[in-house]
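Enquirer: What follows is a structure written as structure tokens; I'll ask about it next.
The values are calculated or read from the model by the stated rules, or taken from the named source; none is laboratory data. From a predicted model like this one, the values you see are computed outputs, not experimental measurements. Positions of Cβ are generated from backbone atoms using ideal geometry, with glycine treated the same way; all protein chains shown enter the neighbour counts.
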Amino acid sequence: MQFVWEKPVLTFYRERFGNPEKEAFVAVKARKFVVSSNEVDTNFRCTLEDFFPIMGQLDYILSKEGKNDSYVLCWFDDTVNDFGKAFRRLTGVTFQEGIKCNTGERGKITCNALFKAMHGKLV
């Protein structure tokens, strides 16, 4: 099964059980977001393509500590007309392969990431 979102805005939270974060520490806009799963493996494999921060910094995720941390990613599915039903979320997100970022000629940062998630609300 594969889900694809074009031009989503995703918010990132550090996953903290018992004391969940209420404010996102970074928000990004991506060209494309793909979430895949299969019947054998319950985890999700995710690809976030050509994204850049629109709020906050990616520094924590890029750090050694950040690569070992878990995150919650949230976004709205703009193909759903009912705003109350458009909320999507991935939990147990880990960026063990890190995030690869490039700085363009004008100083704009563009990043790509492959990551895994343990659970998700995708529909």
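Enquirer: Answer yes or no as to whether Leu114 is among the hydrophobic types (A, V, I, L, M, F, W, C), closer than 15 Å to Phe33 by Cα, touching a Leu at 6+ places or on another chain (Cβ under 7 Å) and in a strand (DSSP E or B).
Expert: no
Results for (1) more than 12 Å from Leu122 (Cβ to Cβ); (2) among the acidic types (Asp, Glu); (3) modelled with pLDDT of 95 or more, shown as yes or no for each residue.
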residue	(1), (2), (3)
Met1	no, no, no
Lys7	yes, no, yes
Phe12	yes, no, yes
Gly18	yes, no, no
Glu21	yes, yes, no
Ala24	yes, no, no
Lys29	yes, no, yes
Val34	no, no, yes
Asn38	yes, no, no
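Enquirer: Looking at the stretch 1-28 only, could you name the residues that are among the β-branched types (Val, Ile, Thr) and within 19 Å of Asn43 (Cα to Cα)?
Expert: Val4 - this is the single residue of the stretch 1-28 that is among the β-branched types (Val, Ile, Thr) and within 19 Å of Asn43 (Cα to Cα).
Enquirer: Can I ask one more? Quick one: in the stretch 49-95, which of the residues that are part of a loop (DSSP other than H, G, I, E, B) and acidic (Asp, Glu) is farthest from Glu15 (Cα to Cα)?
Expert: Asp82
Enquirer: Of the residues Lys32, Lys67, Lys7, which is touching an Asp or Glu at 6+ places or on another chain (Cβ under 7 Å), surrounded by fewer than 16 Cβ atoms within 10 Å (Cβ to Cβ) and not aliphatic (A, V, I, L, M)?
Expert: After ruling out the rest, the residue left standing is Lys32.
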